[in-house]
Structures are given as C-alpha cells and as structure tokens.
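Engineer: Encoded as structure tokens, here's the structure I'll be asking about.
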Number of protein chains: 4
Amino acid sequence: MKPVCLVIGAGAGIGGTVGKRFAREGYHAALCRRSDQDGLNKLVADIKAEGGDASGRLLNAVEADSIENYVRAIESDVGPIEVVVYNLGAQIGNRSLQDTSYKAFEMGWRIGTFGLFRVASAVCPLMEERGKGTVLVTSSTAAVRGNAGQHSHAAAMGGRRMLCQSLNAQFASKGIHVAHILVDGAVDAPDTLGKMLGAEKFRELRETRGMENDGLMLPGKMADTYYHIAQQHRSVWTHELDMRSFTDLAWWNH
Amino acid sequence: MKPVCLVIGAGAGIGGTVGKRFAREGYHAALCRRSDQDGLNKLVADIKAEGGDASGRLLNAVEADSIENYVRAIESDVGPIEVVVYNLGAQIGNRSLQDTSYKAFEMGWRIGTFGLFRVASAVCPLMEERGKGTVLVTSSTAAVRGNAGQHSHAAAMGGRRMLCQSLNAQFASKGIHVAHILVDGAVDAPDTLGKMLGAEKFRELRETRGMENDGLMLPGKMADTYYHIAQQHRSVWTHELDMRSFTDLAWWNH
Amino acid sequence: MKPVCLVIGAGAGIGGTVGKRFAREGYHAALCRRSDQDGLNKLVADIKAEGGDASGRLLNAVEADSIENYVRAIESDVGPIEVVVYNLGAQIGNRSLQDTSYKAFEMGWRIGTFGLFRVASAVCPLMEERGKGTVLVTSSTAAVRGNAGQHSHAAAMGGRRMLCQSLNAQFASKGIHVAHILVDGAVDAPDTLGKMLGAEKFRELRETRGMENDGLMLPGKMADTYYHIAQQHRSVWTHELDMRSFTDLAWWNH
Amino acid sequence: MKPVCLVIGAGAGIGGTVGKRFAREGYHAALCRRSDQDGLNKLVADIKAEGGDASGRLLNAVEADSIENYVRAIESDVGPIEVVVYNLGAQIGNRSLQDTSYKAFEMGWRIGTFGLFRVASAVCPLMEERGKGTVLVTSSTAAVRGNAGQHSHAAAMGGRRMLCQSLNAQFASKGIHVAHILVDGAVDAPDTLGKMLGAEKFRELRETRGMENDGLMLPGKMADTYYHIAQQHRSVWTHELDMRSFTDLAWWNH
C-alpha cells in the first residue's frame, strides 16, 4: 500500500504540481479542490498516464466536515496519510478596511487559518500514533508583514504561521514535521494568479517576466523543494523557509 | 466636550488601569467588559471620585453588533473617540491540539483577531475624517511565536499583529496611530491572571515575585507607557514595542 | 550630586537634544562627539542657559581608550553614570560591495558595534554594583534588514541589535535596562542628514516634508520617548521599539 | 574543467561533509581550514578514494590576504568557483561581558562577519561576470537572538545575517544566490562540538542524544539540504532557512 500525499488546494499551480511530484516518487496523490471537476480529472489522469497513483475529490474546505470526511475516507479506503500539503490561499486582492466586509475577513480566517487547524486536528493524532508524518504549509509574505489592503489576508496568514509553530512545538518530538513555506513572489499559476489578473494580463506577465526570464516562480521547481523538505532526515528538519525568484527583492526590501 | 478613550476589556488589570490614567489626563473613559457589573461600577466610581469622567457598559464582544453599537452610542451621546484601547485577551491556558475544540479555536479568533477588526472598522473611518486617532492594542508573546498548547491563542494573536501592521499601513498617513504592545510577562491583574491561577496561588505569586520584587508587571506602570505612546508626536510614532519585568528574560531567550 | 546622562554622539540631532532633555530633568549631561568644538560648546552653553548642568569633550570613539577614559573621568569628577545614550551612526550612504573597502566595512563595525561593546564593558559593571542603570541605543532599520548598498551599515547594526539583546539577557535582572530604539525614518538633524544631503537639499527636504508636515522625525519629540523609556518602572521595561513619522510606511512595507 | 565548491571551514563536521557531497556531484572541492594538516589530507584522500576531485590548504582566515590569495589561486589553477560554503563558526562558549575581552569580541567579528565580507568581495564580482554563483552561509541561532554570555558570538552572527541579506539585495538579480542557513541545534561534529565538550562528554552526548535517537544534527543529512539549496532553480531561491533535530524545540521556544 502506497503512502498517501494529501493535497488540499490542488489546482494547476503549486498544489497540483506538488501532488504530481509526490506521485512520481511513489506516493498516492489524494487531490482536492473547490471547483473545476474537469481540471481535477485531468490532473488525476496526467498522474496515471505517468504511471503514478492518484485520486481526487471536489470539496469546499470551509464547509463543516468536508476536510474531516475526506481524511477519514482516504485513511480507510486508500492508505495512511504520510504527507499533507496545505495549499489553500486566502488572497482576495488589495482592499481597504472599508471595503473588507466582515464576511470576507472571516472567510480569510476560515480558509487561511482554521482549515489548517482542522486538517491538523484530523491528521496529527494519526501521524503521532504512527510516529511520523509531514505537513507542508504553503504560506505567503502576508504571514510576516501586514500591508495596506491586506487586512484579511495578513491576519489569516499571521495566524497560519503561529499555528505552524505551535504544531511543531507539540509534535516535532513525536516525529511530525511541519514546514512553513513562505512563497514571496508571483507564481506561474493559471488557476490563481491567472484568474486574479485575467487571461490577457496573465499572458502578458508570463511573456515579460516569466518564461526564460524566470521572474515568475515555476511550480515544477517549487515542487523540488517541497519534496526535499518532506524527505529531510529527522535530525535536520527545516521549520521555516522562504522562496522567491532571483529577479525579486525579498519582502523585507520592498 | 472631552475626548473619549474607549477601553475594550476594562477589568481590574491593564484595561481598567489604563482607562483611569486617561481619565486623569482629561479623557472620558468609556469602559466595557463582559461581566461583573459591580467591578465595572466600582471602576467608574473610582474615576469619578478622582474628579474624572467615565461611563461603562457590560457587553459580550463576540456578540454581533455589541462593539459596533457601543461605538455608535459613545459617538452620539458622549463624544468623539480619540483613543481605543483594545485589551481583550484570548489566553485559555495550555491545551494540546487534541484538547483544543473547534469552538475554542474559533473563540480565540473572535476575541483575539476579529474583535479588533470590528472595532477598527467602526472607528477608523471616523478617526480618518477627523484626521487623528490612536488605537493601542495589548498583545502578547503568542503574537510572535507559537508554542505547545498555544494553538488557539497564538493563531489569534499572530492574526492580531498582522492586522495592526495592515491598519498602520493604511491609516498612519491619515493621522491614525496603531500601536502593538507586546506584553511579555505575567501581569499583576486579579481579573485575568488571578482567575486563571485561583486566589490562593495568585496571592502566593504576588508575594514571591510581585510587590517589592517587581517580578509581576504592574498595571499602573504599564499605563504610563500606554499613555506615553498615545501622546507621541506624529513625527515619531512607535508601531511596535515590548514590555516585561526586569526579572524576566525576553521571550526570545526562553 | 546629580546623576549623569552620558551621550556618545552628541550632535545637533538626536544626541544633543536627548542630552538637553535629560539635563532639563535633573541630570548632568556629559556630551561627547568627534568634532566641532564650537557646536559642542554651544550645546553645553544652551543647557546651562536653561539652568541645567552639562559638560562636553571632543573624542574619537574609534580610538583606543577614548570612551573608556571619558567614562573614568566622568565617574571620578562628575558623578555616577546612570544613563548612557549610545547614538553613534555608521551610515555611509549606499555603496555597492565593490565600492565598500575593507576599511569602510571595519569602520562600520568599530563605530556601530564595537563602540557599544566598549562602553558597555566600562559602564555595566559599575551599574551592576549600583543595582541600576539605563543604556539607550539609537539604532536603525539596517539592524533588522540588509539592503543593497548597506553591506557595512547593516552588518554593523545587526551586530548592535544582537549585542543589545545579549546585554539585556545578562544584565536586566541586575537592574540594568538596555533599550534598542529602531529609528525607521529620516531625522530632522543638520549634523547627520544635513551633512549627507548638503545644505541646499536639506533645506528643501525640510520645507517639503518637515516643518508642519512632520514628515521628518523631530529630535525634540524623539527625546520625549527616550526619556520615557529611561523612566519606565523596572516591572515594565521595553527592550525594543521602533519610531517613524506618520507619513512613512514601516520598513517592512518598503 | 569541473566547477569548484570552495569550503571555508572544512573540518570533520558540516564543512568537510558538505565538501564531500559536492565532490560526489561533480564539483572540485577546494577545502581550507585553520589547522590539522592530517585531518585535511584525510578529507581530500577520502574524496579522491570515492572518485571525486579535491584539494586543500591550511589557512588562517583572520590573516590578511589569506582568503583572497586562496580564491585567486583556485580561480587560476583549478577552475571557476561556482559555490562557496562559508562555514566558520565564532562560538567561544558562554562568557559574561566581563569575561569577554576586546580581543575576543573582535575575533568574533573577524571570523563571523568580516571573513564573509572578504570572501564575498573576492568572489561575487567573478560570479557576477559569469552570471551565476551560490554562497551557502552556515549560521546559528545567535544570528537572530542575543543571549547571556553570547555577546561576541551574537554580535558577529547578527552582522553575518544582515550581510547575507545585503548581498542578496545587490546580487540576486545578477544570478548569485546567497542562502543563510540557521543551524539551530547541536551538530554531531567532532572538530567543533567535540572539542568544546571534550572527548568524554562528547561520546556521552552522542550515545544519549545522537545515534539512533537523532538528537544531534547529522552532517551528512545537513549536506543533503545544502546541496539542494545550491541546486534550486533561480525562479525559486530560498534566502533563509532553519534546521534542527526533531527532538529540539525551535529557538523561539526556549
């Protein structure tokens, strides 16, 4: 029975690509996302076409029991979850305080912070029993600095980072490795950046900054580091790291 | 008409004492807390006995519209809110992940993060119109590092800090000063630490560490710094500061 | 006998102004700076004209024994040093790595880091014996983030901050309060900013950003906070704080 | 001609092991250390025995021109330096301020900060011309927090970290990747930890915490991450990461 890599937020960017990478390394990739059954099917089919093992489910992570039921189903039907990739973003673009509704602020927290708490609550006790497990958490610059227009996003991500530290503090010695991966730049991801910018602008951005210039972060290359972190020997675990393109200044410089 | 200092979380520790201090300096202290009408009455009476101006209301900050209605009432009945002291704690003691219910985790966020967002949403537009205002936010070590058993508290406080930075980024240039005050130690506060420890243990702690040894943070002395920060000239605003007793190592040392 | 406030780096900006402020509060201001005997004389005369007590000495802080001898002289001839304001800057403007000579890099360290170590070595044991003392350290954004062209300055200031934390860790419980004051903006200081920009540009900057716009940090207002920090009760010491004009974004936002 | 990986501080712990790893991947390992010609010879011989390519030199990094001459010699005799591993430690054990001589404090800076500046000054312009290069900097907890007894070490490491950020800010866009690797725990390294503790205590520590318990960081496993970081695609560079054993709490928790 293959170990399972559960990806929460498996779109065509980081999530799906990291899932593919783990499948290539012998994991069953259990993929979920909120919408786009076709996209999900294609991802699963691509993995299988490479000889890998995968399955998927559409689920709304903010709905009660959605994540919890999926975890239960995987554990009973597929195999033990060895790796979780928590990859849900909560970026809603820049909005002033006045334009940030209570609902939007709460939604940021539900996706950005509470969802991670829920999946950790479901998975960590199982991992603790098995004496090992890895939780890779995609995070963002907003986890370490607030910014105008980022009221909801920054509050959610700040919570996410502190939760990662708390999980490590309780679980590292039990063999569970939680890594907070600060993605400090624009990712070449059609499902997130692409949708935020619109097709035209995204194409333009890819042509000017991406491609050979490597000014957009390439998900396939990010997956190399995600996989490396998951494979670190337990005597040398990384809890926090950042990533950005060589063309970008670090967040502390702009 | 006196300017108003609104204190959210006005118990016998930091909140009430800071309220008293602002009243002494010519502010009307508008005090609210969740329970203990007698304690609230006493606080108001004490301020009036000193010749100050104060009023109070019991309110449950997590209830819809509670904070918002109070802000509205003050603005129409008492005067313009010039200073907000957001002083609600979300510490629930050390609990493992398994012992932290979804409800407890959400409550942490509602008190620790969302309440500040709500009061800022209600007050900042008014302050912006008036071209000035101050928001003093009591925060804690959990805002900058997670810890075992602090899943709920750290996530809430991490969100609080990032929200403070976002508020400053949007509003500082409009004349609104938001200060994140990291309280890195035990406060000599009967309503919070006292209740958490129980009367007996609290008395003992005060006798061994507090009093002349000054190993507990004295609310009256904290109020000096709260007041100073609120009076800083706008050319020299402090956004973040920490406070601890001389007997304590800083959080980064333990 | 008055307690002494020793200011290392007492020009017409932060240093001299803070010295004046402490003199006004009853301290003897012992002022030193590298050059400009006239400027120093004027500062001392101004303080005396206000009824305060002051003395001064030109000294080159990077020279062996310069600081140490001055400390000894003060302690034997004037009185016990109760407060040290370490206010030497090490900013040399933006220089690429290739344009930063070994000598410039070392000079940054001698002024930025080693000088503080030397004065602490001379003063802290005396303060420890007396059971109290305060060291106020002017620092800068470069203490918390490096930047292009800041190789020398950032390395020096990063060392300065870590040294402050180490001093607090050893000496806080002995009654010595070390405060790291991160000055995150341009100061309205003719002796530093003024000289860096030249008279013409400095005048222009003052007229556009300073004066009524308060976009330059006013040394007199900074001195209020320096003095407040030095007066904090030992149960509520601040170790680190930042300061900037309301017109500026915090360093983490640009 | 093989690309060169220059290791400054190539003892039997991190440095030598990382050198071996790069040799295994096709680099010429150019190894230097202060003393122990036999140890250095053995390291070179071990690499050659594996079919790798290596050379070595004893040099005292604090001596003028030592590093610079070695860089020149490698570039002219061996090949282009593609990777630098700066691995000199400046830990001198816990010493109070009074027990830290000026000389010890300066030595900390010479090894901890200035040496990195010197090697960067020698190598970065060459890398910039070639459009690529990697500088891996071993760092320590003292780079992010001071501590009692760490006056020299923390000041040196704080400077080291800020210098890394400055180098990235200037050189990342030129294709040079600088990574600050925060080693937050005890390393299973006979030449450093072993010498600090003495043979007996070190053996004991290895037996209780190391070996199967993995409570000491294993250099061979660290080398995996050093190598991974050096191979990251330029669209996804990590500037800062931490590493520790699963048995250790993160520095922010103790």
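Read the figures in this text as sums done on the coordinates, not as results from a lab. Treat the numbers as computed from the prediction; the structure is a model and nothing was measured. Cβ placement follows ideal geometry from the backbone for every residue including glycine, while neighbour counts extend to all protein chains displayed.
Engineer: Quick one: with label points 7 Å out along Cα→Cβ, list the inter-copy distances for A:GLU25 in nm, shortest first?
Structural biologist: Those label-point separations list as 1.5, 5.5, 5.7 nm.
Engineer: Mind checking D:139-147 for the average number of partner chain beta-carbons within 10 Å of each residue's beta-carbon? Don't skip to the end; give the middle numbers.
Structural biologist: On the way: counts 0, 0, 1, 3, 2, 5, 9, 16, 11.
Partner Cβ neighbours, averaged per residue: 5.
Engineer: What size of dipole, in debye to the nearest 20, comes out for the stretch C:31-87 about its Cα centre when the only charges are +1 on Lys and Arg C-beta atoms and -1 on Asp and Glu C-beta atoms?
Structural biologist: 140 debye
Engineer: If you don't mind, there's one more thing I want to ask. Using θ = phi - 60° and the Karplus curve 6.51 cos²θ - 1.76 cosθ + 1.60, what whole-Hz ³J(HN,Hα) does each residue of the stretch B:205-210 get, with Gly and Pro shown as x?
Structural biologist: 4, 4, 6, 8, 9, x
Engineer: How high is the relative contact order of chain A? Use alpha-carbon pairs under 8 Å, at least six apart in sequence, and give a whole percent.
Structural biologist: 19 percent
Engineer: In nm to one decimal, list the spacings between the D:ARG72 label point and its equivalents in the other copies, with label points set 7 Å along Cα to Cβ, shortest first.
Structural biologist: In nanometres, ordered from closest: 4.2, 7.3, 7.9.
Engineer: Karplus couplings for the stretch C:222-234 from phi (6.51 cos²θ - 1.76 cosθ + 1.60, θ = phi - 60°), rounded to Hz, Gly and Pro as x?
Structural biologist: Ordered by residue, 3J(HN,Hα) equals 4, 4, 4, 6, 3, 5, 4, 4, 5, 9, 3, 4, 5 Hz.
Engineer: Something else about it: After finding the eigenvalues of the alpha carbon gyration tensor for chain C, what semi-axes result from the square roots of 5 times each, listed largest first in whole Å?
Structural biologist: The three semi-axes for chain C are 26, 21, 19 Å.
Engineer: Using amide H atoms built 1.01 Å from N in the peptide plane, name the residues 5+ places from C:VAL178, or on other chains, whose amide H lies under 5 Å from its own.
Structural biologist: Those lying under 5 Å, H to H, from C:VAL178 are C:VAL135.
Engineer: OK, next. Search the structure for amide H atoms under 5 Å from the amide H of C:ALA54, placed 1.01 Å from N in the peptide plane, and list their residues when 5 or more places away or on another chain.
Structural biologist: C:ALA29
Engineer: Also, I was wondering about something else. Around D:GLY15, under 9 Å between beta carbons, what's the net of Lys plus Arg minus Asp minus Glu among the other residues?
Structural biologist: Within the 9 Å Cβ shell, the charges total 0.
Engineer: Something else now. Along the stretch C:110-126, what does the Karplus equation 6.51 cos²θ - 1.76 cosθ + 1.60 (θ = phi - 60°) give for ³J(HN,Hα), rounded to whole Hz, x for Gly and Pro?
Structural biologist: 4, 7, x, 10, 5, x, 5, 4, 5, 5, 5, 4, 7, 9, 4, x, 5
Engineer: Dividing the convex hull volume of the alpha carbon atoms of the stretch C:161-254 by its residue count, what do you get in Å³ per residue? Walk me through the numbers before you get to the answer.
Structural biologist: Values: hull volume 11.6 nm³, N = 94.
It is 123 Å³ per residue.
Engineer: Follow-up. Please compute the Kirkwood hydrodynamic radius over the stretch B:113-191, one decimal place, Å, based on all pairs of different Cα atoms.
Structural biologist: Value: 13.4 Å, from the Cα pair sum.
Engineer: Next question, about the same structure. Quantify how strongly other chains surround peptide C:96-105 by giving the mean number of their Cβ atoms within 10 Å of each of its Cβ atoms.
Structural biologist: 4
Engineer: Still on this structure, I have one more. Restricting to DSSP H runs of at least four residues, report the calculated mean residue ellipticity at 222 nm for the protein assembly as shown, -39500 (n - 2.57) per run over all residues, nearest 500 deg cm²/dmol. Each step should come with its number before you reach the end.
Structural biologist: Details: 32 runs with 416 residues, N = 1016.
Mean residue ellipticity at 222 nm (helix-derived): -13000 deg cm²/dmol.
Engineer: Which percent, to the nearest 5, of DSSP beta bridges fully inside the protein assembly as shown are antiparallel?
Structural biologist: 5 percent
Engineer: What are the nm distances, shortest first, from B:SER173 to its equivalents in the other copies, labels at 7 Å along Cα→Cβ?
Structural biologist: Reported distances to equivalent positions: 2.2, 4.7, 4.9 nm.
Engineer: Okay, moving on. For the pairs B:LYS2/B:LYS42; B:LYS132/C:LYS2; A:LYS221/B:LYS103; A:LYS48/A:LYS174; A:LYS2/A:LYS221, note any where the Cα-Cα span goes beyond 28 Å.
Structural biologist: Values: B:LYS2/B:LYS42 21 Å; B:LYS132/C:LYS2 40 Å; A:LYS221/B:LYS103 39 Å; A:LYS48/A:LYS174 34 Å; A:LYS2/A:LYS221 24 Å.
Violating the 28 Å Cα-Cα cut-off are B:LYS132/C:LYS2; A:LYS221/B:LYS103; A:LYS48/A:LYS174.
Engineer: Then there's this: Give the Kirkwood hydrodynamic radius (Å, one decimal) of the protein assembly as shown, defined as one over the mean of 1/r across all pairs of different Cα atoms.
Structural biologist: After inverting the pairwise mean of 1/r, the radius is 29.8 Å.
Engineer: Per residue of B:223-235, what is the mean number of Cβ atoms on other protein chains within 10 angstrom of that residue's Cβ?
Structural biologist: Counting Cβ atoms of other protein chains within 10 Å of each residue's Cβ and averaging gives 6.
Engineer: I'd like to know which of D:TRP109, D:ASN147, D:SER166 lies farthest towards the positive end of the charge dipole of the stretch D:99-174, counting +1 on Cβ of Lys and Arg and -1 on Cβ of Asp and Glu.
Structural biologist: D:SER166
Engineer: Considering amide H positions built from the backbone, and no H for Pro or chain starts, which residues 5 or more places from C:SER140, or on another chain, come under 5 Å of its amide H?
Structural biologist: Result for C:SER140 returns C:VAL183.
Engineer: Only sites in a loop by DSSP and with at most 12 other Cβ atoms within 10 Å count here; which GluC sites (Glu not before Pro) in the stretch A:38-75 make the cut?
Structural biologist: Working: sites: A:GLU50, A:GLU63, A:GLU68, A:GLU75; in loops: A:GLU50, A:GLU63.
Within the stretch A:38-75, the qualifying GluC sites (Glu not before Pro) (loop, at most 12 other Cβ atoms within 10 Å) are A:GLU50, A:GLU63.
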